[in-house]
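Structure first, then comments.
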Amino acid sequence: MSSTTVPLSSKPAAKGSSGAKTACIRTFGCQMNVHDSDRMRRMIQDAGYAEVQRYEDADLVILNTCYVRENAVDRVKGHLGELNRLRREGRVKRVALTGCIGAAEESAALSQTYHIDLVLGTHNTYELAEFVGLPTMRETYTPELPGTEGGHNAFVTIMTGCNYQCSYCIVPTVRGRMVCRAMESVLGEVERLVAGGTGYVTLLGQTVDAWRHEGKRFCDLLEAVSESAPRVWFTTSHPSNMEDRTLRAIGERDTIVKRLHLPVQSGSDRMLKVMHRGYKAERYRRKIEVFREAAPDGTLSTDIIVGHPGETEEDHEQTLRLVEDCAFDSAYIFKFSPRRGTEAASLPGTVPDAVVQRRFLEVLRQVEQNAFTRNQRKVGGEEEIYIRHGSTEDGKAIGETWSGHAVHVKTDAAPGTCVRARIESAGPHVLYAGEPATPV
Ligand code: 5AD
Ligand code: SF4
């Protein structure tokens, strides 16, 4: 998500645009949505809109939304309420709802309640072009079109949708089945981005390791990308598709960030089966062993759901055990949220809220203890830090080490550059570095 006002694109504005039109894009949810927002950002720029950051300054507001948990919907409802108020005051003129909520049935009711002008799902975002006054968008804005150009960090979509049917998950409903992008198309985009100054490429997809194209597998693609981009990462992985070869490549290839995000969801085989995850905890542990051996200094993160219907105390204990054994560097822990249309929404065995809350805190505590201990080991060492976000008022930039640790570092070095600095302290979530000795 951009935090600055984006200048108008160099392309001519659409007919009839005065150049004074303004638009605000708000993104909720995952990196896929951030990437889709980038694509829409280019459409509105081409249509002659200046991007603004506050709703009250915008003629058009685009909410690019997430549907994965109920609280994501609640947040969006809050924003829609606020936008209606601004509209009554004559400030905001039009509101578009895009992304995963837009693709869900619930969007029809929201559209009525909040008088939304345009609702788009995840497969027809190109229709936004027409809405903002650009012609022939079907040809111009295909999913192949890169969303980010010339930025220091760029997302590159390698696949969309998902072929799994996890009990709790709405993603296959709102994003459809897996479609893999051709290797040449991905490599072409990466090469163009790198030529335009991009230093960091993140390959995106719901289950990137499931990527296949004309006999090539994900590891082939990753290796090829790692040869043309100076810095590469990928997300999200699925334990069933994850190949040892990929894990070893992370360790061996200098340009791949040694950071693995591998959602486990639960440590209990019984729950993994109920969730239709397609693997047992033992497979997951084995994958982690290979990763830790390939990249001993690397970072490992995961997703865990607590309180899925039918989760017993014994299941929960097994999750805690797995968390301890895998010593995650970080984890996204989610309380189960029933999504209409998913299998889990109608399963018996609802876990009481108080129990969910306790389990959530227990997993969180376990993760944080491990992460804190692991981060402490980095203190005193000197690291090469890639600056992701430039310094804010407090003089600290946010960067990333090659091991994938997030670092706050005292520097005004520009995003996209690297500095070398000593790690002075560490918390459970980030490392803190002193002033860099030398720019790299
Ligand atoms: N409830 C709670 N967490 C969920 N996730 C997906 N669907 C749900 C749900 N209904 C979590 C999973 C997934 C992450 C992106 O969101 O852990 O990996
Ligand atoms: Fe959802 Fe499962 Fe697909 Fe991940 S693998 S997007 S959790 S259905």
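Brief remarks follow.
- Treating r as the C-beta distance of THR350 and ASP325 and R0 as 35 Å, the FRET efficiency rounds to 0.75.
- Heavy atoms of HIS152: accessible area, 1.4 Å probe, square angstrom to 10: 90
- For the pair the range 339-354 / the range 90-122, the C-alpha centres are spaced 26 Å from each other.
- Solvent-accessible surface (1.4 Å probe) assigned to THR160 amounts to roughly 50 Å².
- Highest-fluctuation residue, GLU393, GLU127, GLU324 considered, GNM on the chain with Cα pairs under 10 Å: GLU393
- The chain - share of DSSP beta bridges that are antiparallel (%, nearest 5): 40
- Lacking any other cysteine beta-carbon closer than 4.7 Å, the following Cys residues of the chain have no compatible partner: CYS24, CYS30, CYS66, CYS100, CYS162, CYS180, CYS219, CYS326, CYS418.
- Net lengthening on full extension, SER228/GLU214 (0.36 nm per residue, minus Cα-Cα): 3.0 nm
- Per residue, the Cα convex hull of the chain amounts to 149 Å³.
- When each of LYS216/LYS258; LYS287/LYS335; LYS287/LYS378; LYS287/LYS396 is checked by Cα-Cα distance, pairs over 32 Å: LYS287/LYS396
- Over the range 235-328, the fraction of Cα-Cα pairs per 5 Å bin, rounded to whole percents and listed from the shortest bin up, is 3, 14, 26, 24, 16, 9, 5, 2, 0.
- For the range 167-262, the fraction of C-alpha pairs farther apart than 22 angstrom is 28 percent.
- Dipole size of the chain about its Cα centre, with +1 on Lys/Arg Cβ and -1 on Asp/Glu Cβ: approximately 600 debye, rounded to the nearest 20.
- Mean accessible surface per residue for the range 169-296, computed with a 1.4 Å probe while every protein chain stays in place, in Å²: 38
- For the pair GLU70 and GLU368, the difference between a 0.36 nm per residue extended length and the Cα-Cα distance amounts to 104.8 nm.
- The chain, accessible surface, carbon-and-sulfur percent (1.4 angstrom probe): 51
- When the Cα atoms of the range 302-440 are aligned to their principal axes, the ranges along those axes come out at 59, 31, 23 Å in descending order.
- Sequence-distant residues sharing a close amide H with ILE25 (under 5 Å, placed H): VAL52, ILE62
- Protection proxy ranking of 94-105, 189-200 - average other beta-carbon atoms within 10 Å, highest first: 94-105, 189-200
The values are calculated or read from the model by the stated rules, or taken from the named source; none is laboratory data. Nothing here was measured: the structure is a model prediction, and the numbers come from that model. Note that we place each Cβ from the backbone using ideal geometry, even for glycine, and neighbour counts take in every protein chain shown. Just so you know, the surface numbers come from the protein's heavy atoms only, side chains and all, with ligands and any DNA or RNA stripped out. Shrake-Rupley method; radii C 1.70, N 1.55, O 1.52, S 1.80 Å.
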